[in-house]
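Participant: Here it is: the structure, laid out below.
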Amino acid sequence: MTVLLPLLLAATIDGQAALEHASRLAALGPHPWGSTLNKAAAEYVASQFRDIGLGKVQLQGFERDGLIGTNVVGVLEAGGPEFIVLGAHHDSAPGAPGAYDDGGGVGVLIETARALRRRGDQQRTIMFVSWDAEEAWSQRKTTTAGSRAFIRELAGDRANLVAAVVIEMCGWAKGSPTLHPLAYPDPDRPGRSLVAPGWLVRAAVLGARSHNATLNVGDPLLWWLYQPAVRTLRIPLYGDDLSFVQGDLPAVFMSDSSYSAFYPWYHEPGDTADKLDAAALARMGQTVLAVVEELAQTPRGPAVDPIWYAVPGYVCGAGIVIGLGLASLIPGLWLASRRGGAAMAVRLVHAVLAAILLWRQPVAAVWILTLPNLLPLFSRGFWISLAALAPLGALAGMGIAAWHRGAVTGLWFAPWELGVLGLALICCWFLPARKRSSRPRKSKRGLPRN
């Protein structure tokens, strides 16, 4: 233990130092992409990377939509060609100083680089990047233009990227480190979505658990509903992971904001450094460090691994998700086979409809249909029916509430998929429920009652 203690201490994130970085960036005032102040923000990050002793520190210029931007890159070398990208963004939304979004993320990025540089025993190369133009939406320009330019610069090295972890919006005392595997539009398949691969989410969860670090998936309270929600509802929130996921590269972003606890000064002039908390930044930093250390030894997985569901401390893969959906069809098929006729015909139609949804929208389909699929096992009644519809009701309630907050722009389900879902639910209620025994009850004397 005495031999390991210096290494453990060296890997501690200094929350106060991270807060100082966020404060200096916020002190510039609003510094959107293309502004002179934003170039000063990039220069500040580069100076910190050099002070830490990172290698290959460079200001990576790019031009997009008529604006000049600057990414900052520093490298912590290790043996082998594979590398991890850890990033944040230094530009702010217009009108916001950007202490939380994303000065806090940049502060954690710098201090994580410092901790890993002190330790000096990396198994994989880590590329630390502060991107520009994440807030490009505010100027009606290409979304996440800086990280897209960075990916283009990778060129042939793309094949050696293990994963990208993006640090977004952190340092709020009321927040909690949370992984946000959002569904993003697939540029090659209009109407379909892409999501962070399951193996990457699993590695992040395992890393946090192994190091006793806090890491929620989606939301600390509504984690169970968040996952089918983001597969059903179009959420406009994003991070620089968007560029990677849409570029067929594994990535995910982390923040200490969530649906149930969202930073109140987001993109507002009140997003100043006095709203941030050093302990919260240290907490996020320790979680980021745990995730990066796990990725340093995790075998590289595919960019596409979309079928998964996370429970606290564990991530279920496609086999469990699809298996659960198919298993929920078995009791009804078995009962219908004993009756034959119309019951079996309806159940077969229902099974086909459910299978189509499992193929197209597996996580949402399992969430919505599992309890209705099991209705034939119960005597039909109001409360049983209400309980069967509870998952759909919770999902609809969250969607309506999020829409009122401006956090939903539509559905991932195509109109015909909604039609299939509706027919599948109707079939559930048209399927004959299990009947009670029709044998005559006997009296105490053993004679049938009239």
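The values are calculated or read from the model by the stated rules, or taken from the named source; none is laboratory data. A quick note: this is a predicted structure, and the numbers were derived from the prediction, not measured. Counting neighbours? That spans all protein chains shown, and the Cβs are built from the backbone with ideal geometry, glycine included.
Participant: Report, ordered by the first and then the second residue, all pairs with beta carbons closer than 7 Å, sequence separation of six or more or different chains, a first member in the range 411-423 that is outside the structural domain of THR232 (by TED's automatic domain parsing), and a second member that is among the charged types (D, E, K, R).
Facilitator: From the range 411-423, the pairs are LEU411/ARG234; TRP412/ARG231; TRP412/ARG234; GLU417/ARG360.
Participant: Do you know which residues across the range 104-121 are in a loop (DSSP other than H, G, I, E, B) and closer than 13 Å to LEU54 by Cα?
Facilitator: Correct list: GLY120 only.
Participant: Picking from VAL57, VAL45, VAL75, which residue would you name as being crowded, with 20+ Cβ neighbours inside 10 Å and either among the β-branched types (Val, Ile, Thr) or not assigned by TED's automatic domain parsing to the domain that holds THR272 (or both)?
Facilitator: VAL45
Participant: Please verify whether the range 119-131 includes one or more residues that are buried (at least 21 other Cβ atoms within 10 Å of the Cβ), in the same structural domain as GLN60 (by TED's automatic domain parsing) and either of a type in the set (Gly, Ala, Ser) or at positive phi (or both).
Facilitator: There is at least one residue in the range 119-131 that is buried (at least 21 other Cβ atoms within 10 Å of the Cβ), in the same structural domain as GLN60 (by TED's automatic domain parsing) and either of a type in the set (Gly, Ala, Ser) or at positive phi (or both).
Participant: Out of GLY80, GLY34, I need the residue that is crowded, with 19+ Cβ neighbours inside 10 Å, more than 27 Å from the chain's Cα centre (by Cα), in a loop (DSSP other than H, G, I, E, B) and at pLDDT below 95. Which one?
Facilitator: Going through GLY80, GLY34 in turn, the sole match is GLY34.
Participant: Restricting attention to the range 164-189, report how many residues are closer than 20 Å to ALA113 by Cα and out of contact with any Gly (no Cβ under 8 Å at 6 or more places or on another chain).
Facilitator: Of the residues in that region, 1 qualify.
Participant: Just to be sure, is LEU67 assigned by TED's automatic domain parsing to the domain that holds LEU237 and over 23 Å from ALA17 (Cβ atoms)?
Facilitator: Answer is yes for this residue.
Participant: Can I ask one more? Of the conditions (1) part of a helix (DSSP H, G or I); (2) at pLDDT below 95, VAL304 fails just one. Which one is it?
Facilitator: For VAL304, the failing item is (1).
Participant: Here's a follow-up. Give me the pairs: first residue in the range 297-323 and more than 24 Å from ALA354 (Cβ to Cβ), second residue part of a loop (DSSP other than H, G, I, E, B) and at pLDDT below 95, beta-carbon distance under 6 Å, and six or more apart or on different chains, which are they?
Facilitator: Within 6 Å, the pairs are GLN297/GLN123.
Participant: Filter the range 156-181 down to the residues that are in a strand (DSSP E or B) and polar (S, T, N, Q) and list them by number.
Facilitator: Residue satisfying the conditions is THR178 alone.
Participant: Looking only at the range 192-211, count every residue that is basic (Lys, Arg) and touching a strand residue (DSSP E or B) at 6+ places or on another chain (Cβ under 6 Å) and tell me the total.
Facilitator: Total satisfying the criteria: 1.
Participant: Still on this structure, I have one more. In the range 60-72, how many residues are surrounded by 24 or more Cβ atoms within 10 Å (Cβ to Cβ) and polar (S, T, N, Q)?
Facilitator: 2
Participant: If you don't mind, there's one more thing I want to ask. All but one of (1) under 22 Å from ALA364 (Cβ atoms); (2) assigned by TED's automatic domain parsing to the domain that holds VAL166; (3) part of a helix (DSSP H, G or I) hold for GLU294; which doesn't?
Facilitator: Of (1) under 22 Å from ALA364 (Cβ atoms); (2) assigned by TED's automatic domain parsing to the domain that holds VAL166; (3) part of a helix (DSSP H, G or I), only one is false for GLU294: (1).
Participant: Among the candidates LEU154, LEU194, single out the residue that is at pLDDT 95 or above and touching a helix residue (DSSP H, G or I) at 6+ places or on another chain (Cβ under 8 Å).
Facilitator: Residue meeting the stated conditions: LEU194.
Participant: Another question, then. Determine, yes or no, whether LEU161 is under 30 Å from LEU357 (Cβ atoms) and among the aliphatic types (A, V, I, L, M).
Facilitator: no
Participant: Got a sec? Which of LEU395, LEU371 is under 17 Å from TYR259 (Cβ atoms) and in a helix (DSSP H, G or I)?
Facilitator: LEU395
Participant: Okay, moving on. When the range 205-222 is examined, which residues are found to be farther than 16 Å from ALA183 by Cβ and either within 11 Å of the chain's Cα centre (by Cα) or hydroxyl-bearing (Ser, Thr, Tyr) (or both)?
Facilitator: SER210, THR214, ASN216
Participant: Which residue pairs have Cβ atoms closer than 9 Å, lie 6 or more positions apart in sequence or on different chains, and pair a first residue in the range 235-261 that is within 13 Å of ALA183 (Cα to Cα) and modelled with pLDDT of 95 or more with a second residue that is assigned to a loop (DSSP other than H, G, I, E, B) and aromatic (Phe, Trp, Tyr)?
Facilitator: PHE253/TYR238
Participant: Looking at the range 165-176, which of its residues are at negative phi and out of contact with any Pro (no Cβ under 7 Å at 6 or more places or on another chain)?
Facilitator: If the condition is that a residue be at negative phi and out of contact with any Pro (no Cβ under 7 Å at 6 or more places or on another chain), then VAL165, VAL166, ILE167, GLU168, CYS170, TRP172, ALA173, LYS174, GLY175 are the ones that fit.
Participant: Scanning for something over 21 Å from GLU135 (Cα atoms), over 12 Å from the mean Cα position of the chain (by Cα) and not in a loop (DSSP other than H, G, I, E, B), does the range 182-190 turn up at least one residue?
Facilitator: Scanning the range 182-190, I find no residue that is over 21 Å from GLU135 (Cα atoms), over 12 Å from the mean Cα position of the chain (by Cα) and not in a loop (DSSP other than H, G, I, E, B), so the answer is no.
Participant: Criterion first (in contact with a Lys or Arg (Cβ under 9 Å, 6 or more places away or on another chain), surrounded by 13 or more Cβ atoms within 10 Å (Cβ to Cβ) and not assigned by TED's automatic domain parsing to the domain that holds THR178) does ALA310 satisfy it?
Facilitator: No: the conditions fail for ALA310.
Participant: Exactly one of (1) in the same structural domain as ILE110 (by TED's automatic domain parsing); (2) in a helix (DSSP H, G or I); (3) of a type in the set (Gly, Ala, Ser); (4) under 29 Å from ILE400 (Cα atoms) is unmet by GLY270. Its number?
Facilitator: (2)
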